[in-house]
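Below is one structure, written out as structure tokens; the observations come after it.
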Ligand code: GNR
Ligand code: NI
């Protein structure tokens, strides 16, 4: 297994629409293992292939928690599609490995029905709610070139992007005052 490099704002690749996977084979399974290792090391609860520069519709997720001894329950999602979204909404404070150290509350459908292929190419349909639902929606957004900052006001989004552009130019890391939920 190999740990991959995660791309961050303002890398324009993050805005690409990823292409469907055509064949689930050993090469893809090796890549899935590398993505999972990269996600666990980060650490994160989800990772989309485009975050390691690969514009394919591939996602890894594990929302099972990281307490010592806790069993890992990774999900490998190939060509995931949200088939229905609930009317009710829930709000989570989201973060993104491609937007390090910035957090903000995002409101999304509270539950979704998801169709996907597993690492053997077998189709599944699952209902998800809670953090898993939020994470699935955050990852499927990545596959369509969408980021959680797109749900914020234009002012806030542009402030975040500007800080990353500035930091990239000076080879530093942007600094954010606090978590969004602690402001105001
Ligand atoms: O690790 C992550 N945590 C998280 C928290 C709330 C909502 C979504 C996420 S996904 C994020 C990892 C990531 O950037 N996935 O694309
Ligand atoms: Ni993300």
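Numbers at a glance
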| item | result |
| --- | --- |
| Projected label distance in nm at residue 167 and residue 113, using a 7 Å step from Cα toward the beta-carbon | 4.0 |
| The stretch 67-149: Cα Rg divided by the 2.2 N^0.38 Å rule of thumb | 1.15 |
| Extension reserve of the residue 101-residue 127 stretch, reckoned as 0.36 nm per residue once the Cα distance is removed | 6.3 nm |
| Value of Rg/Rh across the stretch 48-90 [Cα atoms, Kirkwood radius] | 1.08 |
| Compactness relative to 2.2 N^0.38 Å, alpha carbon Rg of the chain | 1.02 |
| When the convex hull of its Cα atoms is projected in every direction, mean area for the stretch 1-98 (nm²) | 7.8 |
| Pairwise FRET efficiency - residue 158 versus residue 93, Cβ, R0 = 22 Å, nearest 0.05 | 0.60 |
| Mean ellipticity per residue at 222 nm, deg cm²/dmol - from DSSP H runs of n ≥ 4 across the chain, formula -39500 (n - 2.57) | -8500 deg cm²/dmol |
| Helix axis angle, 154-170 relative to the chain longest principal axis, alpha carbon, degrees | 90 |
| Estimated FRET transfer efficiency (residue 30, residue 175; beta-carbon r; R0 35 Å; 0.05) | 0.40 |
| Most mobile of 126, 149, 61 in a GNM of the chain (Cα contacts under 10 Å) | 126 |
| Max mean-square fluctuation residue, GNM over the chain, Cα-Cα springs under 10 Å, options 19, 70, 104 | 70 |
| Part-to-part distance (alpha-carbon centres) for the stretch 96-130 and the stretch 51-91, which is given in Å | 4 |
| Contact order relative to length of the stretch 41-184, as percent, for alpha carbon pairs under 8 angstrom and 6 or more apart | 21 |
| Shape of the stretch 78-126, Cα gyration tensor, a/c cut at 1.5 | oblate |
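Bear in mind these aren't lab numbers, they're just calculated from the coordinates by the rules spelled out. Remember, predicted model here, so these are calculated numbers, not experimental data. Neighbour counts run over all protein chains shown; Cβ positions are idealised from the backbone, glycine included.
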